Amino acid sequence: MKYLKTYDEKCIGCNQCMTACSMAFFKEDIPAKSAIQVIEKPDGGYHLVVCDQQYRKCVDECPTQAITINKQGVVMINKKLCISCFACVAVCPIDAMRRCDGVLNPFKCVACGVCVKGCPTQAIEIVTEE
Amino acid sequence: MNNTKIHTDVDALKARHVLLKEFRYELRPVVRGYNMRTLYVNVSSNEIREKPVSEEMKQKFTGGKGFGLKLLWDAISDTTRWNDPENEINIAMGPICGNTNYPGSGKSLVVSISPLTDIPIDSNVGGYFGPYLKFSGFDAIEIQGKAERDVIVYIDGNQGLIQIFEAPAEAVDSHILAEQMVELFADNDLEKMHISAVSAGRGAEHALIGCLNFSFYDRRRKVARLKQAGRGGIGTVLRDKKIKAVVVKYSGLSGKSNDPADLDTLQRTGLKLHKEIIALDDQQCRMRQIGTAHLVEIMDEYDLLPTHNFKFGRHADSPKINSHAFYELVTHGLPDGCWFGCTMACAKAADGFELVTGPYQGQRVTVDGPEYETVGGCGSNVGIFNPRAIMEINFYCDTYGLDTISFGTMTAFIMECWEKGVLNAERTGGLDFTWGNWRDTLEMMHQIARGEGFGLIAGLGTRKMKEYFIDHFDADPQLMQDIGCECKGLEYSQYVSKESLAQQGGYSMALKGPQHDEAWLIFMDMVNNQIPTFTDKAEALHYFPMFRTWFGLQGLCKLPWNDVEPANNAQTDEPAKVPEHVQNYVDIYNAITGGNLNKKELILQSERVYNFQKVLCMRLGRGRRSDDIPPFRMMGPVTVEEYESRQDRYDQQLREKVGVDPAGKSSEEKLRILRHYREEQYQHLLNAVYKRKGWTSEGVPTPEHLRKIGMDLPEVLAVVERHLR
């Protein structure tokens with residue numbers, strides 16, 4: 001299974017990962033359009049919210065079976081089948097499935113790794129586990 | 001799903017089709033929730049045409065049931081009855097219908113003159129037909145006429161093509177027919193999800209309680225599943241018109257198929273409710289686990305679960321048929337919405353269920369349900385405390401096209417008639433209707449489907465059975481009236497209303513007959529005592545029927561309104577109204593239509609259509625005060641057995657409410673006093689409610705009221721004037 005592994009303790013909150021993600025998929029730098037979210041914790045430090053490809057509740061919940069798992073174990077959304085109900089967003093236990101104003105379909109991390117290069121502290125990395 | 005495979009020979013079916021008419025129309029996108037045109041199909045003349053929707057029609061009737069009733073009014077005469085060719089089956093949806101964001105947004109509203117009541121019935125049903133018809137280009141389909149031979153009406157919403165063809169080889173029973181339609185019209189596996197069929201079944205050919213099945217293809221189960229427009233016999237009308245199916249195919253559904261004015265608000269509001277359901281449903285109604293069947297134990301606890309023809313409200317064996325029993329039978333972990341995006345997911349189903357009776361005996365099938373109403377009606381009310389038997393009755397009711405609510409209530413009546421000696425084996429052709437006899441109950445249903453034996457008498461429904469038993473079996477007319485649980489000709493749905501005066505009104509004043517979708521006030525009234533005075537009850541019997549009517553104008557399901565509630569709902573001013581959810585509806589209506597509705601105008605939209613429907617009933621010779629009187633079984637104890645079963649309660653009421661000391665009085669005497677008191681109370685209630693609704697004491701909407709709500713159309717006023725004279 002391929003996924004984006006996060007290390008909250010290394011994150012410095014620079015948001016470079018969000019910029020990279022949003023630019024890669026939406027061609028604009030809007031934090032809400034990033035599939036990875038950097039959350040500032042009330043007691044200091046940061047928490048990285050991103051799909052770990054493990055829970056897969058969205059896969060079971062999707063009424064059109066638009067959400068499937070690819071050969072690498074990554075949870076993928078088929079936009080041709082997606083009817084934008086956002087049930088997947090509601091059932092995600094870690095808030096990794098996302099919805100943003102102005103965007104028709106839900107979106108999520110597909111473990112592409114585009115964010116990894118921009119991270120100055122190696123707080124994120126693509127890993128593949130059996 | 002381990003079901004017995006239904007083999008469909010598509011070529012053999014097609015070979016026998018005879019095309020009678022083909023009609024092409026221009027495809028146009030939906031604009032802000034509307035097409036501004038409806039589809040007219042006449043299966044006598046095979047005429048097919050579009051009808052424009054005027055701005056006035058949209059303003060006055062909103063959509064959904066409003067459009068269905070308006071089209072029906074224009075199509076019939078004052079004397080039209082259910083089996084006249086001019087009677088119609090109108091299926092409409094409404095502006096909000098078909099959105100994929102807000103749970104419960106896929107309902108179709110079906111309107112027709114009912115064979116049970118001779119007035120318009122309206123039935124709210126899930127499945128994919130309504131939304132797909134809308135995105136195919138029409139705000140309603142209006143089906144008139146009677147075909148000579150069995151036909152299918154097919155609408156291809158991607159091609160802009162409508163066909164009527166003779167279809168002699170297709171099945172009549174819905175679970176097979178729905179599969180056949182999917183195989184016939186889907187070009188590939190994915191397209192199966194894009195097909196929805198409306199059909200009835202063989203039972204609907206021989207009974208007046210026929211229902212319609214609306215199909216929705218379940219990709220995971222690989223089964224065409226069924227939701228029912230159950231009430232009032234519309235399936236009977238469909239088969240009388242010799243229509244086997246009305247089928248729509250539409251590919252291309254998206255999150256903006258409705259062309260919403262404000263997609264973000266629509267999405268945000270929908271997602272807010274999804275999250276609420278996911279977070280709270282497990283602690284509240286458990287809809288996602290077991291659907292409405294969760295109500296069985298709640299109703300039993302409050303003495304509201306209909307038992308033995310509504311005599312009692314609970315039974316020692318009810319745990320055998322409670323939600324946990326059915327939880328064992330249905331398949332879990334699937335997104336069981338009857339329309340996309342409904343996370344309430346109450347449409348539960350059992351798979352690989354092996355049938356033990358009837359023509360499909362030995363086959364393994366998917367059974368949609370049971371819902372609470374089916375468990376109440378075909379379970380406790382007939383003394384059947386066997387969950388598998390209830391499942392089987394549910395399956396056969398659906399595939400035969402019979403309404404489980406009417407079937408349950410009328411069978412309960414039959415069983416009490418058996419108990420009281422009105423019926424015996426000679427009169428039933430050997431069937432034994434001892435409480436709980438599920439085998440003979442099913443055999444009666446198979447007789448209905450075959451059109452033979454006692455099944456033909458039962459299929460007439462409760463009202464006509466009463467007359468039959470009086471005429472042929474010398475039954476006591478008063479007893480028949482007291483225990484035959486119908487009003488206006490429609491069988492009651494499955495709640496004991498004896499201890500809630502407001503609910504007696506909610507049931508019996510409901511325009512189409514006693515279905516609880518206008519008002520369910522039992523907890524407000526009986527349990528929480530929130531509406532103690534006649535004025536309070538009248539206000540509730542104004543507001544809730546109007547609010548709930550709105551679901552029918554929009555193509556919405558009632559359940560996500562109050563079968564999940566925001567965590568802070570109890571702290572709001574009016575918890576029973578679920579204010580936050582009402583605001584959600586206002587928000588999504590405005591988000592889709594671009595309108596500027598508020599909570600007050602929402603009620604006004606309903607009031608217009610509600611009063612229109614009332615006047616339509618009057619136009620057809622009904623809608624009188626006398627039509628709103630329940631049988632006494634729904635108002636209180638009819639028999640000494642019932643009185644004595646709750647003697648403490650009734651004695652206390654005699655002391656505290658009636659001011660009579662029960663001491664030393666016989667049960668018969670106390671029964672008489674209590675009955676007199678309750679009947680009088682009900683008349684007071686009628687007076688108060690009619691006044692609040694803007695009607696005369698005879699239940700006629702006044703011209704002033706019609707003017708006030710903007711429903712002073714000349715044809716409406718003409719009917720009203722006739723009744724005021």
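Here are some notes:
- Scanning region B:301-322 for residues that are within 20 Å of B:Met524 (Cβ to Cβ), touching a residue at least 40 places away in the same chain (Cβ under 8 Å) and open to solvent by 20 Å² or more (accessible area, probe 1.4 Å) yields a count of 1.
- Test result for A:Cys109, open to solvent by less than 70 Å² (accessible area, probe 1.4 Å), within 14 Å of chain B (Cβ to nearest Cβ) and in a loop (DSSP other than H, G, I, E, B): no
- Residue within region B:204-216 that is within 14 Å of another protein chain (Cβ to nearest Cβ), modelled with pLDDT of 95 or more and crowded, with 24+ Cβ neighbours inside 10 Å present: yes
- Residue count, region B:411-428 (criterion: open to solvent by 10 Å² or more (accessible area, probe 1.4 Å) and in a helix (DSSP H, G or I)): 5
- Verdict on B:Ser667 being in the same structural domain as B:Asp628 (by TED's automatic domain parsing) and loosely packed, with under 13 Cβ neighbours inside 10 Å: no
- Every residue from region A:83-106 that is more than 9 Å from chain B (Cβ to nearest Cβ) and among the acidic types (Asp, Glu): A:Asp95
- Options A:Thr128, A:Thr68; residue that is farther than 19 Å from A:Lys33 by Cα and either more than 13 Å from chain B (Cβ to nearest Cβ) or over 17 Å from the mean Cα position of the chain (by Cα) (or both): A:Thr128
Each row is one residue, and each column tells you yes or no for (1) of a type in the set (D, E, K, R); (2) within 14 Å of another protein chain (Cβ to nearest Cβ).
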| residue | (1), (2) |
| --- | --- |
| B:Asn309 | no, no |
| B:Ser323 | no, no |
| B:Gly337 | no, yes |
| B:Asp368 | yes, no |
| B:Tyr372 | no, no |
| B:Phe385 | no, no |
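- Single unsatisfied condition, B:Asn188 versus (1) within 14 Å of chain A (Cβ to nearest Cβ); (2) in contact (Cβ under 8 Å) with a residue 12 or more places away in the chain: (2)
- None of B:Gly369, B:Gly337, B:Gly377 is in the same structural domain as B:Arg286 (by TED's automatic domain parsing) and at pLDDT below 95 except B:Gly369.
- Each residue in region B:567-582 was checked for being farther than 20 Å from B:Leu597 by Cβ and among the hydrophobic types (A, V, I, L, M, F, W, C), and 3 pass.
- Some residue of region B:309-327 being more than 20 Å from B:Glu499 (Cα to Cα) and of a type in the set (Phe, Trp, Tyr): yes
- Yes/no for A:Lys80 being within 10 Å of chain B (Cβ to nearest Cβ), out of contact with any Phe, Trp or Tyr (no Cβ under 7 Å at 6 or more places or on another chain) and open to solvent by 30 Å² or more (accessible area, probe 1.4 Å): yes
- Test for B:Glu328: is it open to solvent by 30 Å² or more (accessible area, probe 1.4 Å), within 18 Å of the chain's Cα centre (by Cα) and away from chain A (no Cβ under 14 Å): no
- Filtered residue count, region B:257-271, keeping only those that are surrounded by fewer than 17 Cβ atoms within 10 Å (Cβ to Cβ) and either among the aliphatic types (A, V, I, L, M) or within 11 Å of another protein chain (Cβ to nearest Cβ) (or both): 3
- For B:Arg221, the criteria (1) away from chain A (no Cβ under 14 Å); (2) open to solvent by less than 20 Å² (accessible area, probe 1.4 Å); (3) in contact with an Asp or Glu (Cβ under 8 Å, 6 or more places away or on another chain); (4) among the charged types (D, E, K, R) hold in every case but one, which is (1).
- Whenever a residue of region B:44-73 is over 22 Å from B:Leu238 (Cβ atoms) and among the basic types (Lys, Arg), its partners that are open to solvent by 10 Å² or more (accessible area, probe 1.4 Å) and assigned to a loop (DSSP other than H, G, I, E, B), lying with C-beta atoms within less than 9 angstrom and at least six residues away or across chains, give the pairs B:Lys58/B:Met36; B:Lys60/B:Gly710; B:Lys60/B:Leu713.
- Out of B:Leu456, B:Leu431, sole residue that is under 30 Å from B:Val356 (Cβ atoms), touching a Phe, Trp or Tyr at 6+ places or on another chain (Cβ under 8 Å) and either at pLDDT 95 or above or open to solvent by 50 Å² or more (accessible area, probe 1.4 Å) (or both): B:Leu431
- Top-ranked residue of region B:681-725 - restricted to ones that are at pLDDT 95 or above and among the basic types (Lys, Arg), ranked as farthest from B:Val609 (Cα to Cα): B:Arg722
- One residue stands out among those in region B:339-355 that are among the aliphatic types (A, V, I, L, M) and more than 10 Å from chain A (Cβ to nearest Cβ): the one that is nearest to B:Gln267 (Cα to Cα), which is B:Met344.
- Some residue of region B:664-687 being acidic (Asp, Glu), outside any loop (DSSP other than H, G, I, E, B) and in contact with a Lys or Arg (Cβ under 7 Å, 6 or more places away or on another chain): no
- Residue under evaluation A:Ile39, criteria (1) touching a residue at least 24 places away in the same chain (Cβ under 8 Å); (2) more than 26 Å from B:Ser254 (Cβ to Cβ); (3) of a type in the set (Val, Ile, Thr), criterion not met: (1)
The values are calculated or read from the model by the stated rules, or taken from the named source; none is laboratory data. These numbers come from a predicted model, not from an experiment. So basically every Cβ, Gly included, is an ideal-geometry build from the backbone, and we count neighbours across all protein chains shown. We work out accessible area using only protein heavy atoms, side chains counted, and drop any ligands, DNA or RNA first. Shrake-Rupley method; radii C 1.70, N 1.55, O 1.52, S 1.80 Å.
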